[in-house]
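*Asks:* Quick one: the structure is below, questions incoming.
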Amino acid sequence: MEKKLIVKICTGTLCYVMGGAELQLLDEQLPAELLAQVEIQGSPCLDCCNREDSQGAPFVKVGDRIIASATIEKVIDAIKNELNA
Ligand code: FES
């Protein structure tokens, strides 16, 4: 069986209030062919909001890549990139 790309949506407080709540709808927005290749998980604080050099909650992790100021569109783009890589 093919390994799925793990997508972790931060559900920590900061990310949640900064827009993470909307990101929970990702699975409804993702085209079916992509949805079949990813596993979407909620994650406690990804520990990005504490880093001085990183700004822009909400954070989502797509594979090993952290997406800052994540929107559904940005996450879908990142998923496409990862799956084509
Ligand atoms: S609350 Fe999301 S990275 Fe900390």
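What follows draws every value from the coordinates through simple rules; no lab data is involved. Note that this is a predicted model, so its numbers are computed, not measured. Glycine also receives a Cβ, built like all others from the backbone with ideal geometry; neighbour counts cover every protein chain displayed.
*Asks:* Helix 72-84: angle to the longest alpha-carbon principal axis of the chain, degrees 0 to 90, nearest 10?
*Replies:* 50
*Asks:* What is the sum of charges around residue 72, taking Lys and Arg as +1, Asp and Glu as -1, for the other residues whose C-beta is under 14 Å from the C-beta of residue 72? It would help to have the intermediate numbers written out before the result.
*Replies:* Working: positive: 74, 80; negative: 22, 27, 28, 73, 77.
Around residue 72, the charge tally is -3.
*Asks:* Next question, about the same structure. If you take the alpha carbon radius of gyration of the range 5-84 and divide it by 2.2 N^0.38 Å, what ratio comes out, to two decimals? Walk me through the numbers before you get to the answer.
*Replies:* Numbers: Rg = 11.6 Å, N = 80, 2.2 N^0.38 = 11.6 Å.
Compared with the compact-globule rule of thumb, the range 5-84 sits at 1.00.
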